[in-house]
Amino acid sequence: MPDTDATTLPICRACGTQYGAPRQDCPVCLDERQYVGADGQQWTSRAALSADGHRGRFEEEGPGVLGIGTTPAFAIGQRALLLRTDSGNVLWDCVPHLDDEIIERVHALGGISKIAVSHPHFYSAMVDWAHAFDAPVYLHEADRQWVGRPDPALHFWSGRTHELADDLVLINPGIHFPGSAVLHWSAGDGALFTGDVVHVCPDPRWVTVMYSYANHIPERPHAVRAAADLLADYRFDRIYGGWWQRVVPSGGNEVLERSVEQYLRFEEGIPEGV
Ligand SMILES: [Zn+2]
Ligand SMILES: [Zn+2]
């Protein structure tokens, strides 16, 4: 698909979602899990971000895991992660900015064989990343309505799990968004990649889950319990959240279990006097 003017396609300044054509509003921001800024809907583009001095930021976030983001930070300020796996580089989650320098640098690392995105808040400019590296993007079918730029590179999976490679599986815990995904990498001591489907807290002894982080709406307790039960089938030492240095460095399963237990104690009511 020709990409001649993709650098000028509209990108929402608040959430970083790129759309395939100009529009008045951003559905992702109008949703109760995001927000429209006080100054109203604002747009930019990759070309405008480059002109404003935005550049790629690359930093190791763990063994075989390279963070790729933008400096200065833009929109929700997330970073993507490049997993150096035995079956090629996998990009987990995505960012709105992409320029020639970033493309060159990632090509020098071996390019990208597959892209998988946790949920609509990280869809960003995934189609541009897919085209730049000739890589398919894996999204859960249940969130298809949030795709702002349909493209043949987008592949939709359904059900609770989808195998990306022998040691990589996408899991749908059904929290934050119906089609939310986390990625389990079984290599070494195991790692779980979560975006903010499971959010790594400033104190990495804790993670949390929310329906809406922007508007502080908690996730439904029964959904949290079901997600925790599903994830308990996988072993992971590290948990990689969606932002720089939001990483649980060890004991991932225990951190998740303890955090969910605490969450449910508060959500479901702590008996008086305890
Ligand atoms: Zn938006
Ligand atoms: Zn989110």
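Taken together, the criteria place ILE112 among residues that are of a type outside the set (S, T, N, Q), free of Cβ contacts under 8 Å to residues at least 40 places away in the same chain, surrounded by 17 or more Cβ atoms within 10 Å (Cβ to Cβ) and not in a strand (DSSP E or B). For the stretch 32-50, the criterion of being among the acidic types (Asp, Glu) and closer than 30 Å to THR161 by Cα is met by at least one residue. Of the residues making up the stretch 176-191, those that are under 18 Å from TRP157 (Cβ atoms) and either touching a Cys at 6+ places or on another chain (Cβ under 7 Å) or assigned to a strand (DSSP E or B) (or both) are VAL182, LEU183, HIS184, TRP185. The set of residues in the stretch 199-231 that are surrounded by fewer than 15 Cβ atoms within 10 Å (Cβ to Cβ) and either within 16 Å of ligand 1 (Cβ to nearest atom) or hydrophobic (A, V, I, L, M, F, W, C) (or both) comprises CYS201, ASN215, ILE217, ALA226. Examine the stretch 150-165 for a residue that is within 16 Å of ligand 1 (Cβ to nearest atom), touching a residue at least 60 places away in the same chain (Cβ under 8 Å) and either outside any strand (DSSP E or B) or at positive phi (or both), and state whether such a residue exists. No; the residues of the stretch 150-165 include none that is within 16 Å of ligand 1 (Cβ to nearest atom), touching a residue at least 60 places away in the same chain (Cβ under 8 Å) and either outside any strand (DSSP E or B) or at positive phi (or both). Residues that are surrounded by fewer than 23 Cβ atoms within 10 Å (Cβ to Cβ) and hydrophobic (A, V, I, L, M, F, W, C) within the stretch 232-254 comprise ALA232, TRP243, TRP244, VAL247, listed in sequence order. When restricted to residues that are within 14 Å of ligand 1 (Cβ to nearest atom) and in a loop (DSSP other than H, G, I, E, B), the stretch 115-124 contains 3.
Counting only residues that are in a loop (DSSP other than H, G, I, E, B) and either modelled with pLDDT under 95 or small (Gly, Ala, Ser) (or both), the stretch 78-109 holds 2 of them.
Table: residues versus (1) closer than 30 Å to ARG238 by Cβ; (2) β-branched (Val, Ile, Thr); (3) touching a Pro at 6+ places or on another chain (Cβ under 8 Å); (4) within 16 Å of ligand 2 (Cβ to nearest atom).
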| residue | (1), (2), (3), (4) |
| --- | --- |
| TYR19 | no, no, yes, no |
| CYS26 | no, no, no, yes |
| TYR35 | no, no, no, yes |
| ALA38 | no, no, no, no |
| SER45 | no, no, yes, no |
| ARG55 | yes, no, no, no |
| GLU59 | yes, no, no, no |
| PRO63 | yes, no, no, no |
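Do any residues in the stretch 69-81 that are basic (Lys, Arg) have Cβ atoms under 6 Å from those of residues that are modelled with pLDDT of 95 or more, where the two are at least six apart or on different chains, and which pairs are they? Listed pairs, sorted by first residue: ARG79/GLY67; ARG79/GLY69; ARG79/TRP244. Among the residues of the stretch 91-115, those identified as more than 15 Å from ligand 2 (Cβ to nearest atom) and of a type in the set (A, V, I, L, M) are LEU91, LEU98, ILE102, ILE103, VAL106, ALA108, LEU109, ILE112, ILE115. For the stretch 1-51, a residue qualifies if it is in a helix (DSSP H, G or I) and near ligand 1 (Cβ under 9 Å from one of its atoms), and the qualifying residues are PRO27, VAL28, CYS29, LEU30.
The values are calculated or read from the model by the stated rules, or taken from the named source; none is laboratory data. Quantities reported herein were computed from a predicted structural model and do not represent experimental measurements. All Cβ positions, even for glycine, are placed from backbone atoms using ideal geometry, and neighbour counts span all protein chains on display.
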